[in-house]
Each structure stands twice: as structure tokens, then as C-alpha cells.
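As C-alpha cells, the structure follows; a few thoughts come after it.
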Amino acid sequence: MVSTPQNLSTKMKQDLVNMLIEEFSVCGVKLENQALLSLYSYNMQSGVVVDIGDRLEIVPVTEGYIVEGGVARQSYGGTAVAESLNKTLTELKYSYFTDVEQLLVRHIMEKSCYVASDFKEELNQYNEDPASFQETVDLSAFDLPQGCHKYVRTDLGRFKSSEGLLNTEVWGLDSPSLPKLLHAAIQACPMDSRREMCRSICLSGGTTLLPGFVERLRSQISQMVTSSVTVQIHASPYRYHSAYIGACILANLPIFHDVCISQKEWRDNGAKSIQKWP
């Protein structure tokens, strides 16, 4: 079982299957869309998957089929949050530039950042009392080079760095924000399923674990739909690994071996074998 992005071409799928069977001698292969696997982890076949790892992807699914017109991808996500945080750390005289140091920034982000329920109000409170927003992250457990800070203090960046997910203008981008993309994905679904989609928003990816994210997203989406529509966001505590969990569920189904491409099937039919997958 291999999870794949939504935009993987047929040629790349063929090359991937060929490599796994011919070079790694696997008995069978099943390629499945990552968003679908995340949805399966919630035991659902219809819903809107909001996957935010390094980047952002929104995929509406009805009865196991992806609504292509509602799929949205953006280059911003966890990486953009970490980059924004790093800028505020630089202002505080911390220096993180190498690839390894970027991993430290990601760790600091996961330990200290959150999403404000009201950004302007939070900013006003920060301006009145900056000390109350300070948070110290302990890095002493890592094997750091000599001269590196073992304790890092953050303040403004704790909530400002993540705000760009909900309002891209904070990052100086003109890209549509997450709430607008999510609302557009719901509107792209058949009219008679939109209420269900509003009740079936499923989160995936480590960036969605930021404290306050679920509440803020629910609040903003609720403001974009009519008052009679209930917005429900499903946020599993294990959503960091939701695609893997969904893959485990799918692999344990009795039909799993039937949907795989076996070695014999690949060698008999070649690239045409891919056609068995919708």
C-alpha cells in the first residue's frame, strides 16, 4: 500500500508500480490517494479532508469518489508557519538557517505555537503585556553543537506565525486563505450533499494539531454558511498519522487483495493493469 498525492500522473503511477514489483519484488501493489486514506481513518466515505502538513490540500469526497472541481492545493502550510516563526526568532537574536536547524524551528513551533481565536484582540493584549505571552522551549534533549541555545524563548511568534493559515495577508500573500478554500470545496459538491459536507470536515496532518486551530476554523466556516447549517469538524488526536491509519484499515478489508496489482497481473498486462483503479 502506497499513499499518493491527488495530482500523481498515470505515467508516474505506472513507473512507481513497475519499480516496486520489478526492483523490490513486492507481491502486490495498491496505490491510494492520501486524502481518501485520511477519510477512511475516520470510518467515513464522504466528507471534506483538510490535510495540512508541510503544504495544504483540501479534497472533497462523496461516496468514495473525489470531487475534482473542489480540490485545492496551496504551497503554504506547516513550512510557511515555521518560516514565519523563524523570522520572529531572528528578531529575538536566534539564528536557525541550516536544514537541521529548520527541524529545531519545527519542534519549537509544535511546542509553543497556537491559533488565536481573535487575532486582533490577541495582538492588542500582546502589545499591552508582552511578558505574559512568553514561552520557553527546552532543546536540551537534543545533541546540539557547541554554542547553540538549549532554551529558546518565543512571544509574538507564538500566534502570529500561524495566523497566515486563516489570513494569508499576515504572511504577505494574496493566495486564498484556508476558510475560503474550504468553503469553495463544499460549494463544489452536489447541492443536496453540502449540508452533510459541512458536518463532515476531517482534519489530517501535524499542523492541524496546533491548539485553537479547530475552534477558529469552525468559527470562520460557521460565519460563511447560513445559520441553519451545522458545521462539524472531526479532529482525531491521531491525525498526525491519519493516512497511515486509513491504510491499515483498508489493508485489513477482505477485498484488499482483489484491488491490488499482483506480480503476475503486472507481468501479463503491464501498464494496462493501472486501469483497474478508478
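The values are calculated or read from the model by the stated rules, or taken from the named source; none is laboratory data. What you are looking at is a predicted structure, and each value in this text was computed from that prediction instead of being measured. As a convention, Cβ positions derive from the backbone with ideal geometry for all residues, glycine included, and neighbour counts pool all protein chains shown. Just the protein is used for accessible areas: all its heavy atoms, side chains included, with ligands, DNA and RNA removed. Shrake-Rupley method; radii C 1.70, N 1.55, O 1.52, S 1.80 Å.
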Share of carbon and sulfur in the accessible heavy-atom surface of the chain [1.4 Å probe, %]: 50
DSSP-defined beta bridges in the chain - what % are antiparallel, rounded to 5: 65
Kirkwood Rh (inverse of mean 1/r, distinct Cα pairs), segment 118-157, angstrom: 11.8
MRE, 222 nm, helices only [DSSP H, n ≥ 4, -39500 (n - 2.57), over the chain, to nearest 500]: -11000 deg cm²/dmol
Residues of segment 1-80: accessible area per residue with a 1.4 Å probe, Å²: 45
Space enclosed by the convex hull of the alpha-carbon atoms of segment 42-94, per residue, Å³: 76
Unit charges on C-beta of K, R, D, E only; dipole of segment 12-165, Debye: 160
Extent along principal axes [Cα atoms of segment 1-89; Å; largest to smallest]: 49, 33, 23
Over segment 119-278 - Rg/Rh using Cα atoms and the Kirkwood inverse-distance radius: 1.11
Whole-number percent relative contact order across segment 45-105, with pairs defined as alpha carbons under 8 Å at least 6 apart: 24
For segment 178-191, 3J(HN,Hα) per residue [Karplus equation, 6.51 cos²θ - 1.76 cosθ + 1.60, θ = phi - 60°, Hz, x = Gly/Pro]: 4, x, 5, 5, 5, 4, 5, 5, 5, 5, 6, 7, x, 4
Simple spin-label estimate for Q223 and E22 in nanometres, 7 Å along Cα-Cβ: 5.5
Charge dipole of the chain about the Cα centre (unit charges at C-beta), most positive-ward option of Y238, C27, L104: C27
For the chain, built as a Gaussian network whose Cα springs stay under 10 Å, the top-fluctuating residue of R267, R195, R239: R267
Debye equation applied to the C-alpha atoms of segment 206-245, log10 I(q)/I(0) at 0.18, 0.35 Å⁻¹: -0.57, -1.18
Within segment 1-67, percent of DSSP bridges classed antiparallel, to nearest 5: 75
Packing rank of 6-13, 168-175, where each peptide gets the mean count of other beta carbons within 10 Å, highest leading: 168-175, 6-13
Given charges at beta-carbon only (K, R positive; D, E negative), |dipole| of the chain in Debye: 480
Label-to-label distance, nm, for residues given as W277 and E68 (7 Å Cα→Cβ offset): 1.7
Stretchable slack from D118 to E91, in nm (0.36 nm times residue separation minus alpha-carbon distance): 7.3 nm
Highest-first arrangement of 102-109, 199-206, 247-254, where packing means the average Cβ count within 10 Å: 199-206, 102-109, 247-254
Stretch gain in nm, segment Q14-A131, where the contour uses 0.36 nm per residue and the Cα spacing is subtracted: 36.5 nm
Packing-based order for 19-30, 39-50, using average beta carbon neighbours within 10 Å, highest first: 39-50, 19-30
